[in-house]
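Report on one structure; see the data block that follows.
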Amino acid sequence: MAAAKSVKKQAAEDKFLNRELSWIEFNARVLREGLRGDIPLLEQLTFLSIVTSNFNEFFQVRVASVKRLLKNAPGGKDISGRTPKQQLKDISARAREVMSEQQDALKKKIVPALAREGFVYKRPAQFTEQQKEFAQEIFKAQILPLLTPLRTDSDEFPKVANLKWHAAFLLKPIAGIKIARQEFAPKPGSQVVALVQIPDAIPSLVWLPSDKEIVKEFTTVSDLVLQYGSQLFDGYESSQALLFNLALDADFAVDEDANDIVQAMQEVLVARQSSFAVRMVCDKRSSELQKFLAQKLKLKSDDIYAFDGLLDAAALCEVGDAENTDHLRNKRWENFPNAALPEDEPYWDAIKRRDVILHVPYESYNPVVKFLNDAADDPNVLSIKMTLYRTGRGSPIISALEKAARNGKQVTVLVELKARFDEERNIAWAEELERAGVLVVYGLVNLKVHAKILMVIRREEDSFKRYVHLATGNYNPRTARIYSDLSLFTANHEIANDATKFFNIVTGYSALQKMKYLSMAPVDLKSKLLLMIQREIELSTPQTPGLIIAKMNSLADEEVIAALYRANRAGVRVMLNVRGICMLLPGVPGMSENIRVVSIVDRYLEHSRVFYFQNGASPEIYLASADWMPRNLDRRIELMFPILDAAAFKEIKHVLDVYFESNINSYELKSDGSWVALKPKPGEPVKRAQEILYNEYKARAEKNKAPKTRFTVRRK
């Protein structure tokens, strides 16, 4: 009884960081990379634009959900002890700091640096006479026809498109001009405010004529709309103007009980375009228009982020489309062929010989596409089964599946329509697959299918052979060029049996069956993790302390974090590489002094999930599609799979070691919740994890490409 009370007391003393604030710190780390002067200018700009896109999604989903909590459960607290009101206040304060730093960097660092490279940004007030004439002509001929002014004095405020830049104009009648019909006049006593969406069907930058031969001067479409937009309003002149952008609530759930899930998903997409405003980013030209919009959109002061300068970092990225900008980018990194997979023949024999690890983007994603194409063309292949979460436009994955169906293969694809912000695209290619003869299954009720698995069934001699591909990342060749992910090709009989059971469960009515090697959320993946952490605790001794090494995108599950705290108290060393959210607080005496947390932000987005357990003298490594978050472990279909092949095990363990030895592009979480950038110690070599891995895969590819030595046998 006393021991139980002690455990409860310890658990009560455990500390957890707030999920939303932890995510903002991740975006702050992305910003830090954009502020580094030792990377090329356009790469700095790319990081700054990623900060914007990250915040856009964050406000649409996470902040919107906290606002709902404020309305529905205002007194509730998260595990960090904050009420929804406190969370929103803290989110606003920290997000404002990060966004202010981003805007300062754009204005004081990026724009001047571009000017030094010969790309000069000019606002209309800075135009020469020649540029004024040119800009007015461009506006009339190419921009004005695309603009649609919206009045705001009707009973219903106009729908403002999500994440689109808009100009607001405060208008006043020109003296002496009468409006012909009163129906078109504004309501008496109302502010005359009109909104205009900035067109995004044309490039954001407008290149201006310049007298300087080596200098290219430009402005933005937004600048021209704000400068000349009053031409839309005959009889009025603009007294004030404002550039603004809204993030609308996108935290919608589909009606899982709907008879037609596709139609239900389409209804969600429509609703998303007219949901409530969560945040407004704007310039500081007009406090009066700010106040007007805030009132109409029911936004509080904490929801408004006003800055001076060029607000749209993504627009500046178009400078990279100009000539002679290669020196402003990173030197290109190749994607190397996998040494274990033959380029000129099918993979069946190679995969039967041994399990093969594919590490993208260091290695090319082509083997996955080739694997599917070979299966589509092979007359001995009878069936293909796979899950698809996000796959991108014009995907060769889709083409291969369609070809397989046309070639008479039985092709079954479980499509997850609820993949947020990819719903419309997923609906389109799911219907395309159906037209090609593919059997499409639209996910599961109340659960997103986030597992990444592909199985090919092939007739060989007098039996069937199954080939399985399992991955930590999506079947998306485009993101595979910039996301770091690991996957496994295997013909292991037991894993194939588990894969068969998995597909029976998620596409049919099969009762849950025990799997030997695959762990599936929300069935047993979490319990398996907790058991392995507990096993590490039980096997740990002062002489041979246990060891857990884990790499993931996010760590936010309370039970898993509490288990890691217990492991710490038992002397187990815990090494965590967490890209984004981390709600665990390391380095606290008596709670987490044996836990280290690092995060890598570099040119590739770290996306793989890898878990190592020392297990006494019998270490184990697992890869997974799941992060250690409640949504992944409790509310999604996910898979975790072991690495059984000795060579594959050694390869992945080495990758883990490289990540934890990195001393640049790496940050460490401290006991006060701050993230500190790591630097090489005096005399210590620079160890950049992604560069080390790139050079290793490059050397491996060159060795594999080198001509083999031939021995000449002497004869009489």
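The values are calculated or read from the model by the stated rules, or taken from the named source; none is laboratory data. Predicted, not measured: the structure shown is a model, and the values here were computed from it. Cβ sites come from the backbone with ideal geometry, for glycine too, and all protein chains shown count toward neighbours. In case anyone asks, the SASA skips ligands and DNA or RNA and just uses the protein heavy atoms, side chains included. Shrake-Rupley method; radii C 1.70, N 1.55, O 1.52, S 1.80 Å.
Peptides 209-216, 603-610, 300-307 ranked from most to least packed by the mean count of surrounding Cβ atoms within 10 Å: 603-610, 300-307, 209-216.
Given +1 at the Cβ of Lys and Arg, -1 at the Cβ of Asp and Glu and no other charges, the dipole of region 311-446 around its Cα centre is 480 debye to the nearest 20.
Carbon-plus-sulfur accessible fraction, region 400-476 (probe radius 1.4 Å, protein heavy atoms only): 43%. Could you work out how far apart the two model spin labels at LYS108 and GLN295 are, taking each label as a point 7 Å from the Cα in the direction of the beta carbon, and quote it in nm? Between LYS108 and GLN295, the simple spin-label model gives 3.5 nm.
In whole Å, how far is the Cα centre of region 549-595 from that of region 57-129? Here the answer is 29 Å between Cα centres. Suppose R0 equals 60 Å. What FRET efficiency, 1/(1 + (r/R0)^6) with r the Cβ-Cβ distance, do ARG151 and LYS514 give to the nearest 0.05? In this case the efficiency is close to 0.40.
List, in the order given, every pair from LYS15/LYS77; LYS452/LYS698; LYS108/LYS300 whose Cα-Cα distance in the structure shown is over 19 Å. As for pairs spanning more than 19 Å Cα to Cα, those are LYS452/LYS698; LYS108/LYS300.
Please state, as a whole number in µm²/s, the translational diffusion coefficient that the Stokes-Einstein equation yields for the chain at 10 °C and 1.306 mPa s, with Rh defined as the Kirkwood radius across alpha carbon pairs. Before the final figure, lay out each step's value.
Numbers: Rh = 28.5 Å.
The estimated diffusion coefficient comes to 56 µm²/s.
Percent relative contact order of the chain, based on C-alpha pairs within less than 8 angstrom and at least six residues apart?
For the chain, the relative contact order is 11 percent.
Between helix 19-34 and the chain there is an angle of about 80 degrees, using the helix long axis and the longest principal axis of the Cα atoms.
Counted over all Cα-Cα pairs of region 29-135, pairs farther apart than 23 Å make up 50 percent. Express in whole angstrom the spacing between the alpha-carbon centres of region 635-655 and region 285-346. What the calculation gives is 33 Å, centre to centre. Put a plus charge on the Cβ of each Lys and Arg, a minus charge on the Cβ of each Asp and Glu, and nothing anywhere else: the dipole of the chain about its Cα centre is then about 1480 debye. Solvent-accessible surface of the chain, averaged per residue with a 1.4 angstrom probe and all protein chains in place: 47 square angstrom. The simple spin-label model puts a point 7 Å past each Cα toward its Cβ; for GLN240 and GLU620 those points are separated by 6.4 nm.
Rounded to the nearest 10 degrees, the inclination of helix 41-58 to the longest alpha-carbon principal axis of the chain is 90 degrees. Can you list the aspartates and glutamates whose alpha carbon is less than 12 Å from that of LYS679, not counting same-chain residues fewer than 8 positions off? Those aspartates and glutamates meeting the cut-off are GLU661, GLU668.
Dipole check for region 494-614: with +1 at the C-beta of Lys and Arg, -1 at the C-beta of Asp and Glu, and the Cα centre as origin, the magnitude is about 120 Debye. Of the accessible area of region 641-709, computed with a 1.4 Å probe over protein heavy atoms only, carbon and sulfur atoms account for 53 percent. Among the listed pairs LYS403/LYS526; LYS85/LYS448; LYS331/LYS703; LYS370/LYS703; LYS516/LYS650, those whose Cα-Cα separation exceeds 26 Å are LYS403/LYS526; LYS85/LYS448.
Along the axis of the charge dipole computed for the chain (Cβ charges of +1 for Lys and Arg, -1 for Asp and Glu, origin at the Cα centre), the listed residues LEU669, TRP23, TRP207 are led at the positive end by LEU669.
Among the GluC sites (Glu not before Pro) found in region 313-342, those both in a DSSP coil and sparsely packed, with 11 or fewer other Cβ atoms within 10 Å of their Cβ, are GLU323. Based on alpha-carbon atoms, the Kirkwood radius and the radius of gyration of region 52-112 give Rg/Rh equal to 1.13.
Ordering of 541-547, 92-98 by packing is 92-98, 541-547, highest average first (other Cβ atoms within 10 Å, averaged per residue).
Rolling a 1.4 angstrom probe over region 507-598 with all protein chains present gives an accessible area of which 55% lies on carbon and sulfur atoms.
Determine the shape class of region 575-716: with a ≥ b ≥ c the square roots of the Cα gyration tensor eigenvalues, call it rounded for a/c under 1.5, and otherwise prolate if a/b is greater than b/c, oblate otherwise. Verdict is prolate for region 575-716.
Can you tell me the FRET efficiency between LEU35 and ASP462 if r is taken as the Cβ-Cβ distance and R0 is 60 Å, rounded to the nearest 0.05? Let's see the in-between values first.
Numbers: r = 64 Å, r/R0 = 1.07.
Plugging the Cβ-Cβ distance into 1/(1 + (r/R0)^6) gives 0.40.
Sorted largest first, the principal axis extents computed over the alpha-carbon atoms of region 549-602 equal 33, 19, 16 Å. Considering only ILE533, ILE39, PRO145, and ranking their Cα positions along the charge dipole of the chain that arises from unit charges at the beta-carbon of Lys, Arg, Asp and Glu, the one farthest toward the positive end is ILE533. Taking amide H positions as modeled 1.01 Å from N, with prolines and chain starts lacking one, the residues under 5 Å from VAL381 and 5 or more places away or on another chain are ARG459.
How far is helix 646-661 tilted off the main Cα axis of the chain, in degrees rounded to 10, range 0 to 90? It is inclined by approximately 40 degrees. Packing-based ranking of 593-599, 434-440 yields 593-599, 434-440, ordered from highest to lowest mean Cβ neighbour count within 10 Å.
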